[in-house]
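Taking it in order: structure first as structure tokens, then the write-up.
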Amino acid sequence: MARNIIVAAAQLGPIQKAEPRSVAVARMLRLLEQAHRRGTELVVFPELALTTFFPRHYYESIEEADQWFETAMPSNETEPLFAAARRLGIGFHLGYAELCEEAGETGRARRRRFNSAILVGPEGDILLKYRKIHLPGHAAFDPARNVQHLEKRYFEVGNLGFPVIRAPMGALPGINMGMMICNDRRWPEAWRVLGLQKAELVLLGYNTPSLNQEGRGFEAHHLRVFHSHLSVQAGCYQNACFAVATAKAGTEDGCELLGHSIIVNPHGEIIAMATTWDDEVITAGCDLDICTLGRTTVFAFEKHRRPEHYTRITSQIGAVDPPVWERKAAE
Ligand code: CDT
């Protein structure tokens with residue numbers, strides 16, 4: 001019997017700096033209702049879905065940026081989302097900035113900040129949490145840039161790995177679900193770690209500027225969407241999984257974010273795509289049994305992977321120069 005689930009990407013249009021969380025949550029509730037009316041069983045919201053993408057703003061002291069973080073989940077402001085999930089019997093994925101008191105490397109508890117996402121089940125339980133690992137951008141103010149991207153200033157590298165959980169969702173007793181956040185989608189290592197845990201459905205949110213803001217070199221504008229889709233489509237194909245990739249879109253604090261949220265199948269095909277740069281729900285029915293084809297043929301990992309030849313991937317960070325060919329002296 002086919003294992004079907006209807007999933008949705010609930011793309012959000014811009015959230016301006018002055019807009020409170022209550023406005024964002026009200027918009028998300030409307031999207032949840034809309035998705036539910038279309039039969040959706042799991043809804044994916046974007047990265048940092050409750051506020052503007054604040055890492056574009058520079059604060060001299062990190063604590064000044066704490067206004068953008070959540071110290072509890074659910075909180076008074078986000079509880080309506082959990083209540084709606086219970087009422088509608090629908091799961092959701094939510095990206096947010098997390099501020100917690102947690103032991104660091106020394107074992108001593110301290111304030112820690114992560115770019116996080118949670119997966120909430122239809123009964124309102126938090127089934128899985130992920131903290132973003134590939135943090136793009138820079139830690140100090142960069143005068144060369146047109147717009148700052150200070151994720152490395154405000155967040156620590158996630159410390160939960162790339163987790164996958166098997167949990168009930170919709171009518172199915174168990175789906176293997178994994179998470180990544182925005183820039184992670186560009187790294188094949190992230191997808192493969194999820195693939196090695198048999199992820200069937202990857203949930204991810206993103207905030208991606210539609211223009212290169214680095215002020216260095218030229219990048220044709222159309223490549224932004226192309227690279228985003230290319231990364232998700234390749235990740236799904238090479239790991240035989242579905243993905244829901246949800247954007248925050250439109251002009252936020254004067255900075256344009258690309259939309260083009262997509263749902264992708266294990267063949268790497270886009271099966272639904274947003275057409276606006278505003279609040280928009282896209283849905284797709286996914287037969288999770290399709291994952292079996294890739295997993296038992298081209299990407300039967302247990303038969304074909306050669307980890308003994310991949311050691312550079314975990315032992316080395318930057319690229320090194322290859323040896324230079326030299327003509328051998330005649331003997
Ligand atoms: N939020 C986030 O991770 N954004 C980055 C911007 C990088 S610019 C290509 C992303 O990978 O989309």
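The values are calculated or read from the model by the stated rules, or taken from the named source; none is laboratory data. All figures in this text were calculated on a predicted structure; none of them were measured in a lab. Neighbour counts are summed over all protein chains in view; Cβ atoms, including those assigned to glycine, are modelled from backbone coordinates with ideal geometry. For the accessible areas, the whole protein counts, side chains as well, though only heavy atoms, and no ligand, DNA or RNA atoms are used. Shrake-Rupley method; radii C 1.70, N 1.55, O 1.52, S 1.80 Å.
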So the strands (runs of 3 or more DSSP E) completely within segment 67-157 holding 2 or more residues that are among the acidic types (Asp, Glu) are 91-103
What are the pairs, 6+ residues apart or on separate chains, where a residue within segment 123-147 that is within 21 Å of Gly217 (Cβ to Cβ) and more than 16 Å from the ligand (Cβ to nearest atom) has its Cβ under 9 Å from a residue that is open to solvent by 30 Å² or more (accessible area, probe 1.4 Å) and outside any loop (DSSP other than H, G, I, E, B)? Ala140/Lys152; Ala140/Arg153; Phe141/Arg153
Which numbered condition Gly294 misses (of (1) more than 16 Å from the ligand (Cβ to nearest atom); (2) open to solvent by 60 Å² or more (accessible area, probe 1.4 Å)): (2)
With Gly89, Gly107, Gly13 as the choices, which residue is modelled with pLDDT under 95 and either open to solvent by 50 Å² or more (accessible area, probe 1.4 Å) or closer than 30 Å to Ala284 by Cβ (or both)? Gly107
Is it the case, given these coordinates, that Pro20 is open to solvent by 10 Å² or more (accessible area, probe 1.4 Å) and either small (Gly, Ala, Ser) or away from the ligand (no atom under 16 Å from the Cβ) (or both)? yes
Among the residues of segment 110-127, the number that are open to solvent by 20 Å² or more (accessible area, probe 1.4 Å) and touching a strand residue (DSSP E or B) at 6+ places or on another chain (Cβ under 8 Å) is 6
Cross-chain or 6+ apart pairs with Cβ under 8 Å, segment 27-52 first and among the aromatic types (Phe, Trp, Tyr), then surrounded by fewer than 24 Cβ atoms within 10 Å (Cβ to Cβ): Phe45/Leu31
Regarding segment 29-49, can at least one residue be identified that is farther than 24 Å from Arg131 by Cβ, open to solvent by 60 Å² or more (accessible area, probe 1.4 Å), in contact with a Ser or Thr (Cβ under 9 Å, 6 or more places away or on another chain) and not hydrophobic (A, V, I, L, M, F, W, C)? yes
What are the pairs with Cβ atoms under 6 angstrom where one residue, in segment 191-214, is free of Cβ contacts under 8 Å to residues at least 40 places away in the same chain and the other, located anywhere, is away from the ligand (no atom under 16 Å from the Cβ) and not in a loop (DSSP other than H, G, I, E, B)? Sequence gap at least six, or different chains. Gln197/Val164
For the subset of segment 149-208 comprising residues that are within 15 Å of the ligand (Cβ to nearest atom) and of a type in the set (S, T, N, Q), which member is most open to solvent (accessible area, probe 1.4 Å)? Asn183
Checked pairs for segment 215-244, first without any contact (Cβ under 8 Å) to a residue 60 or more places away in the chain, second part of a helix (DSSP H, G or I) and within 15 Å of the ligand (Cβ to nearest atom), C-beta under 6 Å and 6 or more apart or across chains, list as Ser231/Arg185; Ser231/Arg186; Val232/Arg185; Gly235/Trp191; Ala243/Val232
